[in-house]
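Below is one structure, written out as structure tokens; the observations come after it.
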Amino acid sequence: MAVTQVTTVSDELVAAFERLIPQLSASARPPTRADLEEIISSPATTVLLARSDEGEITGSLTLVVFRIPTGARAWIEDVVVDEAARGQGAGQALVDEAIRLASEAGARTVDLTSRPSREAANTLYEKVGFHARETNLYRYDLS
């Protein structure tokens with residue numbers, strides 16, 4: 001297995017997100033080619049892919065690093081591993097690489113959220129060293 005950073009949008013990438021995003025969220029639509037172009041071109045966003053030994057895209061993670069007055073912040077978002085490839089280390093490899101890149105970018109911490117129902121994902125995050133924080137997460141719905 002290998003973890004690579006996306007630098008260009010290809011048909012393979014678009015097809016992978018069409019397959020992976022529904023496994024992450026029943027309500028989110030997969031990104032279009034234009035969406036992916038915008039995401040990849042953002043200097044704050046890094047999309048990582050897990051690839052099988054045969055080269056097939058088996059998972060994805062998005063790392064967002066941005067600067068605010070109190071320093072560099074890093075967020076991991078939209079971690080998804082194909083159901084057929086789960087339990088083979090792709091999720092951990094993606095998270096490990098995101099942590100490495102966040103540290104390299106000067107972030108002191110890396111944050112993420114995960115629904116409680118995603119038990120395997122939560123177990124992975126705790127195994128890697130993430131811990132639950134006592135905080136309130138607020139959302140303002142713009143729709």
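The values are calculated or read from the model by the stated rules, or taken from the named source; none is laboratory data. For clarity, every value in this text was computed on a predicted model and none was experimentally measured. We place every Cβ from the backbone using ideal geometry, glycine too, and count neighbours over all the protein chains shown. All accessible areas refer to the heavy atoms of the entire protein, side chains included, with ligands and DNA or RNA removed. Shrake-Rupley method; radii C 1.70, N 1.55, O 1.52, S 1.80 Å.
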Being in contact (Cβ under 8 Å) with a residue 60 or more places away in the chain and either under 23 Å from V110 (Cα atoms) or part of a helix (DSSP H, G or I) (or both) narrows V3, V14, V47 down to just V3
Would you check if S60 is hydroxyl-bearing (S, T, Y), at negative phi and modelled with pLDDT under 95?
no
Do you know which residues across the stretch 102-132 are within 23 Å of L24 (Cα to Cα) and basic (K, R)?
R115, R118, K127
Among the residues in the stretch 15-27, are any modelled with pLDDT under 95, open to solvent by 40 Å² or more (accessible area, probe 1.4 Å) and closer than 27 Å to S117 by Cα?
yes
Being surrounded by 11 or more Cβ atoms within 10 Å (Cβ to Cβ) and either part of a loop (DSSP other than H, G, I, E, B) or touching a Phe, Trp or Tyr at 6+ places or on another chain (Cβ under 6 Å) (or both) is the filter here, so list the residues in the stretch 114-126 that pass it.
S114, R118
Can you go through R67, R73, R51 and tell me which one is surrounded by 15 or more Cβ atoms within 10 Å (Cβ to Cβ) and within 19 Å of A102 (Cα to Cα)?
R73
Can we say D78 is under 12 Å from the mean Cα position of the chain (by Cα) and at pLDDT 95 or above?
yes
Looking only at the stretch 78-102, which residues are over 13 Å from V3 (Cβ atoms) and loosely packed, with under 14 Cβ neighbours inside 10 Å?
E83, A84, G87
Scan the stretch 114-121 and tell me whether some residue there is of a type in the set (A, V, I, L, M, F, W, C), touching a residue at least 24 places away in the same chain (Cβ under 8 Å) and more than 22 Å from Q5 (Cβ to Cβ).
yes
Inspect the stretch 127-139 for any residue being buried (at least 17 other Cβ atoms within 10 Å of the Cβ) and touching a strand residue (DSSP E or B) at 6+ places or on another chain (Cβ under 7 Å) and give the result as yes or no.
no
